[in-house]
Each structure stands twice: as structure tokens, then as C-alpha cells.
Amino acid sequence: MRLFLALVPPPALRGRLGELADLAHARCGGRRVPDESLHLTLAFLGEVEAAPAAALADWLRDLTIASGTWRLDAWGRFPRPGIVWVGGHHPDPALQALQRWLWDDLERLGHPGRPSRFVPHVTLLRRARRLDSRDLPDICLEWSYHHIELIHSIVDDRGARYVPLARSNEQ
Ligand code: 2AM
């Protein structure tokens, strides 16, 4: 099964991100990520067999992360897949540390795939026709996070559906 670890926005922030996704969609086209799928990927694990997936869920349930607040103040693009995202102008030290710390454990558990760089972002659009984010509003959002989730990504011809499997301890 295709798995990833993510921060999931609290409901009020999810609503604000959804509004930004609507604005971006009106301007750039493409496929808008549904509100219920908005997230920040911390570690993409790819295909994982059932036994190691169960071990991951057990590991996560025993984990407590350092809570923090991420400031979102920038629009961004990944041109090749036509992704339009929101994130931070500057690297966020706490998120970078969290991502490194998670990958240290994931590698100890036998999972390959640590990326060479980490750009924290929330994807709002995929396959955007235009990647021009001029005239989109300035962003000033804060995301307070206390736990992470292990998510199963089920992909079919309608796109991806995300099913939470386990979460870390709440502080
Ligand atoms: P995204 O964070 O840019 O949207 C589930 O598929 C999540 O994992 C998505 O959020 C997606 O990107 C991310 N993802 C998918 N394939 C990936 C890959 N090969 N490497 C890194 N992240 C990936």
C-alpha cells in the first residue's frame, strides 16, 4: 500500500486553505485538491507491504513529536507536475528538524527514500494550466501542529483518496 506521513490541518485552517485553493483554481485551472485531502507531506514512503505497514502504525502510536507553529506566507510552484502550493518564504527550522528526525527513525525501521531536500508545502492544484500566481492574495496563516498521521493513499482514475491509518500521541 502507498503510504506517507503528514500533518493534517485543523478544521478552521483547512477551510482557509480551501479558499486559497478556490482562488488559485480560478486563476490557474488544473485539478483542485479537495478540502479533505489538504495536508503537508513530511515523508513519502511509497509502496509498503502489510507487515512493515503495521509496524509503522505501531511505531507512530508510540511517538510524541515536538509541537510547533508553521507560518505560511508564500505561494509556490513545481512546474513539471504543474503543482501550485502554499508554504513558507523561508525554511522552517522546526519542520526541517521534525522531517530529519522522522527519517532517522524510518531508516532505522528499514524504509528507504529520504529525499535530498525538503520543501514543506501544501499542494492546492495539480496539473495547473497556468502557473502564474500573480494577483493572488498575500498569505499570512499559522498552522499549530501537535501530532502527525500515517496515511494510506488510494489512487484510482478519479485521483487520490487518503485514509488515515494511525496517528502519533497528542502532547
Ligand atoms: P505533494 O505533497 O506535493 O502533494 C501522497 O501522494 C503525498 O505524497 C502527496 O502529498 C505527494 O506530493 C507526496 N508524494 C507523492 N509522490 C511522491 C514522491 N515520489 N516523492 C515525494 N513525495 C511524493
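The values are calculated or read from the model by the stated rules, or taken from the named source; none is laboratory data. What you are looking at is a predicted structure, and each value in this text was computed from that prediction instead of being measured. Don't worry about glycine lacking a Cβ; one is built from the backbone with ideal geometry, like all the others, and counts go over all protein chains shown. Keep in mind that these areas ignore ligands, DNA and RNA; they rest on the heavy atoms of the full protein, side chains included. Shrake-Rupley method; radii C 1.70, N 1.55, O 1.52, S 1.80 Å.
May I ask for the angle, rounded to the nearest 10°, between helix 50-61 and the longest principal axis of the chain, with both axes built from Cα atoms and the value confined to 0 to 90°? Value to nearest ten degrees: 80. Computed over protein heavy atoms with a 1.4 Å probe, the carbon and sulfur contribution to the accessible area of the chain reaches 51%.
Tell me the accessible surface of Glu142 in square angstrom (1.4 angstrom probe, heavy atoms of protein chains only), to the nearest ten. Taking all protein chains as shown, Glu142 has close to 110 Å². Between the Cα long axis of helix 11-28 and the first principal axis of the chain there is an angle of about 50°, rounded to the nearest 10. Going by a ≥ b ≥ c, the root eigenvalues of the Cα gyration tensor, does the range 122-171 fall in the rounded group (a/c under 1.5), the prolate group (a/b larger than b/c) or the oblate group? Oblate, because a/c is 1.5 or more while a/b does not exceed b/c.
Computed over the range 50-131, the percent of Cα pairs more than 23 Å apart is 39.
In the chain, the longest principal axis of the Cα atoms and the axis of helix 93-108 are about 40 degrees apart. If only the Cβ of Lys and Arg carry +1 and only the Cβ of Asp and Glu carry -1, the dipole of the range 1-131 around its Cα centre is close to 820 debye. With each pseudo-label sitting 7 Å past Cα toward Cβ, what's the Glu170-Arg117 distance in nm, one decimal? Going by the 7 Å Cα→Cβ label model, 3.7 nm. Using the 1.4 Å probe convention, the accessible area of the range 2-170 works out to 54 Å² per residue with neighbouring protein chains retained.
Report the one residue of Gly30, Val122, Pro91 whose Cα lies farthest in the direction of the positive end of the charge dipole of the range 2-170 (charges on C-beta: Lys and Arg +1, Asp and Glu -1; origin at the Cα centre). The one lying farthest along the dipole's positive direction is Gly30. Principal axis extents of the C-alpha atoms in the range 8-49 (largest first, rounded to whole Å): 39, 24, 14. Considering all different alpha carbon pairs of the chain, the Kirkwood hydrodynamic radius works out to 16.6 Å.
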